Amino acid sequence: MSNAVFPALTGLTFPVVKTPMWSTKTQDSVSGKETRIGFWSYPKWKYSLAYDILRSDNVNLELQTLAGFYNARNGGFDTWLFNDPDDNSVTLQGFGIGDGASTNFQLTRSLGGYVEPVLAVNATSAPAIYINGTLKIGGTDYTLNVTTGLVTFTTAPAVSATLTWTGSYYWRCKFLDDSIDLSKFMQNLWELQTLNFQSVK
């Protein structure tokens, strides 16, 4: 499991496709009634990106950067972190209610009212943790595991205390393919028509 962050490259073009995926089994009885079983608690997100221009001259090493990052992950073998520019931060996001006994709480983010766990925190954004609107001190009042998004409070928050946080996060992802097609169309200019990857839990 790598904590390397996918590089931001200038050649990214539209459309960017982002697809929520679920796993459901549907079985029909002899009467025709359907029974459905959902296997996942949260969706996986699939991304498809396109790069129209990847420069490879002595100054602009975009092709080398992307190819190097991909090969360092052994294609689809290793996981890594993706900074989704449209889904990477929260402000005063609720992530729990105190019960006077629990000290461990999972950070979350809400999109359109649907709440999912945050499993990789961007530590460089200096995430802030609050109890009932009061800022808490990391290392004293709580510890934060940035690779899991788990907050452990030194003292259990009081009954009905509201827990919120502000900060940025990554999506842990893996490449879906063990090969990518890098096409050269001019001197020192390349393209990658499709790069597919998905989030992992």
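The values are calculated or read from the model by the stated rules, or taken from the named source; none is laboratory data. Computed from a predicted structure; not experimentally measured. Note that each Cβ is placed from the backbone with ideal geometry, even for glycine, and that neighbours are counted across all protein chains shown. Each accessible area value is taken on the protein alone, full model and side chains, heavy atoms only, with ligands, DNA and RNA left out. Shrake-Rupley method; radii C 1.70, N 1.55, O 1.52, S 1.80 Å.
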Considering residues that are assigned to a loop (DSSP other than H, G, I, E, B) and surrounded by 19 or more Cβ atoms within 10 Å (Cβ to Cβ), the number found within the stretch 115-145 is 4
Sole miss for ALA123 among (1) on the phi < 0 side of the Ramachandran plot; (2) touching a Ser or Thr at 6+ places or on another chain (Cβ under 6 Å) is condition (2)
Residue set LEU135, LEU150; condition out of contact with any Gly (no Cβ under 6 Å at 6 or more places or on another chain) and over 27 Å from VAL200 (Cα atoms); output residue LEU135
Against the definition (charged (D, E, K, R), touching an Asp or Glu at 6+ places or on another chain (Cβ under 7 Å) and under 22 Å from PHE175 (Cα atoms)), how does ASP86 come out, yes or no?
no
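Given the criteria assigned to a loop (DSSP other than H, G, I, E, B) and open to solvent by less than 40 Å² (accessible area, probe 1.4 Å), does GLY96 qualify?
Values: assigned to a loop (DSSP other than H, G, I, E, B): no; open to solvent by less than 40 Å² (accessible area, probe 1.4 Å): yes.
Taking the combined requirement at face value, the residue does not satisfy it.
Scan the stretch 158-201 for residues that are farther than 24 Å from VAL121 by Cβ, aromatic (Phe, Trp, Tyr) and open to solvent by less than 70 Å² (accessible area, probe 1.4 Å) and report the count.
Filtering the stretch 158-201 down to residues farther than 24 Å from VAL121 by Cβ leaves 158-160, 176-196.
If we keep only those that are aromatic (Phe, Trp, Tyr) as well, we get 185, 190.
Now restrict to residues that are open to solvent by less than 70 Å² (accessible area, probe 1.4 Å): 190.
The total comes to 1.
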So, first residue in a strand (DSSP E or B) in the stretch 182-194, second residue open to solvent by less than 50 Å² (accessible area, probe 1.4 Å) and of a type in the set (A, V, I, L, M, F, W, C), Cβ within less than 6 Å, six or more apart or across chains; the pairs are LEU182/LEU192; TRP190/LEU54; TRP190/LEU63; GLN193/ALA50
Scanning the stretch 130-144 residue by residue, those within 13 Å of THR155 (Cβ to Cβ) and touching a residue at least 24 places away in the same chain (Cβ under 8 Å) turn out to be ILE131
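Mind listing just one residue for me: the one in the stretch 1-49 that is assigned to a strand (DSSP E or B), loosely packed, with under 10 Cβ neighbours inside 10 Å and of a type in the set (Ser, Thr, Tyr) and, of those, farthest from the chain's Cα centre (by Cα)?
Step one: of the stretch 1-49, the residues assigned to a strand (DSSP E or B) are 5, 12-21, 24-28, 34-38, 44-49.
Now narrow it down to the ones that are loosely packed, with under 10 Cβ neighbours inside 10 Å: 14-15, 24-28, 34-38.
Next cut, of a type in the set (Ser, Thr, Tyr) only: 24, 26, 35.
Details: THR24: 22, THR26: 29, THR35: 32 Å.
Here the residue is THR35.
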Pairs returned, first residue in the stretch 9-22 that is without any contact (Cβ under 8 Å) to a residue 12 or more places away in the chain, second residue that is open to solvent by 60 Å² or more (accessible area, probe 1.4 Å) and assigned to a strand (DSSP E or B), beta-carbon separation under 8 angstrom, 6 or more apart or interchain, are none
Restricted to the stretch 55-65 and to residues being in a loop (DSSP other than H, G, I, E, B) and surrounded by 14 or more Cβ atoms within 10 Å (Cβ to Cβ), the residue nearest to the chain's Cα centre (by Cα) is LEU61
Scanning the stretch 146-159 residue by residue, those of a type in the set (Ser, Thr, Tyr) and in a strand (DSSP E or B) turn out to be THR152
Meets criteria (assigned to a loop (DSSP other than H, G, I, E, B), open to solvent by less than 90 Å² (accessible area, probe 1.4 Å), acidic (Asp, Glu) and touching a residue at least 40 places away in the same chain (Cβ under 8 Å)) for ASP52
no
